[in-house]
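Peer 1: Before we start, here is the structure in question, set down as structure tokens.
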Amino acid sequence: MSSKIKLLLLAVFITQSGILPVCFAQELPEGFPDVSSPMKASDLQDEQTFGDYKIQIYRNMRSGFSELRVLKKGLEVFSQGGFVFKIGLINDDIPGNKLVKVGNDINKDGQPDLVVSEWSGGAHCCIDYYVFSLGDQVKQVGFIESKDGDGEFVDVDNDGILEFIGNDWTFAYWNASFAGSPAPQVILEYKNAGYQLTLKKMRKPLDEIYYKNFLKNTTLSKINATMNAKSGWSNGEVSVPPEVWGYMLDLIYSGHSQEAFTLIDTIWPKGVKGKEDFLKDFKGQLSQSPFWKDIKSVL
Ligand SMILES: [Ca+2]
Ligand SMILES: [Ca+2]
């Protein structure tokens, strides 16, 4: 590996070390990263057993890389390299961790399962979840890209099959800071040997009082181009704060697209141009969503 790439890895690690979950926080050794360093027995960070299976997580602190190993009756039957792995959910504090204990059958196919999280080492991004079946053989039966945030497996409809609750991060940094960016909640269900968006399970009743108050109390300010705030969509005539498209997204993702577009029609200042441009930009960004195929069917 070139020294440039090594430096980049180091920079990424240092930049992010402040946001590492407590379970990953460890001191950087001198000379880090030594990417040529092989994995040692002492690099074993976690080991859990289920029946004949042993799940091991190794973390080589000299290189910064990790390895997930699955052993059956003492023989290695699966391994995968990555940046930081964790058995179960990435965050220990989430109560749902007990639902994905090694061996729990989370997709109700009669075979025990294993959930492993991976953090890829970016500023906010990315967290992935792997679901493996621990039947006669180890088989990956699910992979979820949770992007900028973590998620949780929950049985939202009490049918014994766990769904995944996460967020759509398509609007991260869109005319807003990361902290100010809306990320609507999504629910993925286990279907056709993988996890797919389920708009049906995401549907929620409309909070009519909140909706009416939002329409009544939200005023889009008319501003000139030199006063453009850093946060918000603006055409120099009118400024739309992230709270507006955040609520529009919540409405669309919970089954109320019509109300989302009525909202913007209602609060847009009369006689001011730009609403169509805003909607074009909004929909253009929304079309970047990994769930666009489903979302566009309800717009
Ligand atoms: Ca299973
Ligand atoms: Ca379920």
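Peer 1: Want the number for Val298 to Ala41: 0.36 nm per residue separation, take away the alpha-carbon distance, what's left?
Peer 2: Using 0.36 nm per residue and subtracting the Cα-Cα distance, I get 87.3 nm.
Peer 1: So if R0 is 35 Å, what FRET efficiency would Gln137 and Ser287 give, r being the distance between their Cβ atoms, rounded to the nearest 0.05?
Peer 2: The computed FRET efficiency comes out at 0.35.
Peer 1: Now for a different question. If we count other beta carbons within 10 Å of each Cβ, what is the order of Asp43, Asp155, Asp92, fewest first?
Peer 2: Working: Asp43 19, Asp155 14, Asp92 11.
In increasing order of surrounding Cβ atoms, one gets Asp92, Asp155, Asp43.
Peer 1: Moving on to the next point. For a quick size check, give me the Cα extents of the chain along its three principal axes, largest first, whole Å.
Peer 2: Reported extents, whole Å, longest axis first: 73, 49, 28.
Peer 1: At a 10 Å Cβ-Cβ cut-off, how would you order Met202, Met39, fewest neighbours first? Display every interim value, and only then the final one.
Peer 2: On the way: Met202 22, Met39 18.
So the ranking, lowest neighbour count to highest, is Met39, Met202.
Peer 1: For segment 208-298, what ratio Rg/Rh do Cα atoms give with a Kirkwood hydrodynamic radius?
Peer 2: In segment 208-298, Rg relative to Rh is 0.97.
Peer 1: So for the chain, taking the charge dipole from beta-carbon charges (+1 Lys/Arg, -1 Asp/Glu), which of Gly166, Asn104, Val77 sits furthest toward the positive end?
Peer 2: Gly166
Peer 1: Another question, if that's okay. Considering the zone a paramagnetic label at Glu208 would reach in this model (a point 7 Å from Cα along the Cα-to-Cβ line), which residues of segment 253-274 have amide N under 15 Å from it?
Peer 2: 259, by backbone N distance to the label point.
Peer 1: Which value in deg cm²/dmol, rounded to the nearest 500, describes the helix-derived mean residue ellipticity at 222 nm for the chain, given -39,500 (n - 2.57) per DSSP H run of n ≥ 4 and division by the residue count?
Peer 2: -6500 deg cm²/dmol
Peer 1: To continue, here is another question. According to a simple spin-label model (label point 7 Å from Cα along Cα-to-Cβ), what is the distance in nm between Glu237 and Lys280?
Peer 2: Rounded to a tenth, the inter-label distance reads 1.3 nm.
Peer 1: For segment 107-150 and segment 165-226, write down the distance between their C-alpha centroids in whole Å.
Peer 2: 25
Peer 1: If R₀ is 41 angstrom, what is the calculated FRET efficiency for the pair Glu76 and Lys201, using the beta carbon separation as r and rounding to 0.05?
Peer 2: Given R0 = 41 Å and the Cβ-Cβ separation, E is 0.60.
Peer 1: To continue, here is another question. Counting only GluC sites (Glu not before Pro) that sit in a DSSP loop (anything but H, G, I, E, B) with at most 14 other Cβ atoms within 10 Å, what is the longest stretch of the chain containing none of them?
Peer 2: In short, 31-299.
Peer 1: While we're here: Round to the nearest 0.05 the FRET efficiency obtained for Val154 and Asp34 when R0 = 51 Å and r is the Cβ-Cβ distance.
Peer 2: With R0 = 51 Å, the Cβ-Cβ based efficiency is 0.80.
Peer 1: If you don't mind, there's one more thing I want to ask. Cα-Cα pairs above 18 Å in segment 43-151: how many percent?
Peer 2: Tail of the P(r) past 18 Å holds 47 percent of the pairs.
Peer 1: Which value, in debye to the nearest 20, gives the size of the charge dipole of the chain about its Cα centre, when Lys and Arg are +1 and Asp and Glu are -1 at the Cβ?
Peer 2: Taking the Cα centre of the chain as origin, the dipole is about 720 debye.
All of the numbers you see were taken from the coordinates with simple rules; none came from a lab. Note that the structure is predicted; figures quoted are calculated from it, not measured. Glycine also receives a Cβ, built like all others from the backbone with ideal geometry; neighbour counts cover every protein chain displayed.
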